[in-house]
Amino acid sequence: MQAVPAVQADLPAWLRLAGEVEDLFGPMVDEPQFREAVERNIKRGTALCVRDTPDVPGGALAGGLLMSVHPPLYEISWLAVGGAWRGQGIGGLLVRSALRDLAVAPGTVEVTTFGPDHPGRDARGFYEHLGFAPVLPLSADGTRQTYRLRLSEG
């Protein structure tokens with residue numbers, strides 16, 4: 001498996017993947033802003049995906065990541081792994097690929113993920129395992145937490 005830049009043909013599969021995780025993230029598939037964000041990231045090369053069938057754009061996605069790139073600041077703005085692929089290293093592959101291919105040290109990468117009482121709280125341990133550290137405080141309602149990773153040269 002490898003993470004590759006998404007192409008326009010991947011958009012329908014991207015929306016299917018988003019539909020799988022709406023219970024955690026909230027509505028996306030029918031939200032024009034989400035579709036526009038995915039298309040914008042595809043055009044600028046900051047949408048990475050892992051395809052179920054690696055060399056077939058438009059096929060099912062095992063996972064996808066959107067990244068905002070404004071050196072020296074970077075933000076993972078969306079990361080999802082399909083239910084059938086969880087626990088197989090797809091999320092880590094996407095994040096490591098984004099750090100290698102889209103970020104330049106020195107810099108800072110941030111991601112806002114779920115709070116400790118949210119059903120998606122396992123994402124916290126995932127980011128910590130990759131070296132991200134929580135930034136306090138939690139969101140006012142306790143459902144979100146920002147994590148930060150410092151990229152150092154060499």
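Who wins for biggest fluctuation among Ser77, Ser97, Ser139 in a Gaussian network model of the chain, springs between alpha carbons below 10 Å? Between Ser77, Ser97, Ser139, it is Ser139 that shows the largest mean-square fluctuation. Between Pro12, Pro137, Pro71, the residue with the greatest mean-square fluctuation in the GNM of the chain (Cα pairs under 10 Å linked by springs) is Pro137. For the stretch 1-101, the residue among Gly87, Gln2, Ala18 whose Cα projects farthest onto the positive side of the dipole built from Cβ charges is Gln2.
Subtracting the Cα-Cα distance of Arg100 and Leu136 from their residue separation scaled by 0.36 nm leaves 10.3 nm. Let a ≥ b ≥ c be the square roots of the eigenvalues of the Cα gyration tensor of the stretch 61-122; is it rounded (a/c under 1.5), or, if not, prolate (a/b larger than b/c) or oblate? In terms of gyration-tensor shape, oblate.
A Gaussian network model of the chain, with springs between Cα atoms under 10 Å, assigns the largest mean-square fluctuation among Leu94, Leu11, Leu66 to Leu11. Once Rg and the Kirkwood radius are both taken over the C-alpha atoms of the stretch 29-69, their ratio Rg/Rh works out to 0.99.
Considering helices alone, the calculated mean residue ellipticity of the chain at 222 nm is -9000 deg cm²/dmol, with DSSP H runs of length four and up weighted by -39500 (n - 2.57) and normalised per residue.
With Cα atoms defining each centre, the stretch 114-154 and the stretch 36-51 are spaced 23 Å apart in the structure.
Between Asp52 and Asp122, take the C-beta separation as r, use R0 = 30 Å, and let me know the FRET efficiency to the nearest 0.05. Intermediate results must be reported in sequence, preceding the final value.
Working: r = 22 Å, r/R0 = 0.75.
About 0.85, to the nearest 0.05.
In this structure the amide hydrogen of Thr113, modeled in the peptide plane, comes within under 5 Å of the amide hydrogens of Gln145, Thr146, Tyr147, none closer than 5 places in sequence on its chain. Couplings for the stretch 55-63, taken from phi via the Karplus curve 6.51 cos²θ - 1.76 cosθ + 1.60 with θ = phi - 60°, read 9, 10, x, x, x, 4, 9, 7, x Hz in order; Gly and Pro are left as x. About its Cα centre, the chain has a charge dipole of approximately 380 debye under the convention of +1 per Lys or Arg Cβ and -1 per Asp or Glu Cβ, with nothing else charged. Between amide H atoms placed 1.01 Å from N, distances below 5 Å from Asp52 occur with Ala60, Leu61, Ala62, all of them 5 or more places distant or on a separate chain. Calculated FRET efficiency, Arg44 to Arg16, Cβ-Cβ distance, R0 = 25 Å: about 0.65 to the nearest 0.05.
Helices in the chain that qualify as membrane-span-like (whole DSSP H runs, Cα extent of at least 27 Å along the helix axis, mean Kyte-Doolittle hydropathy of 0.5 or higher) do not occur. The 3J(HN,Hα) values that the Karplus relation (6.51, -1.76, 1.60; θ = phi - 60°) gives for the stretch 66-73 are, in residue order, 10, 9, 8, 10, 9, x, x, 9 Hz. Gly and Pro appear as x.
Bear in mind that the values in this text are calculations on the coordinates, not laboratory data. What you see is a predicted model, and the numbers here were worked out from it, not measured in a lab. When we count neighbours, we look across all protein chains shown, and the Cβ atoms used for this are built from the backbone with ideal geometry, even at glycine.
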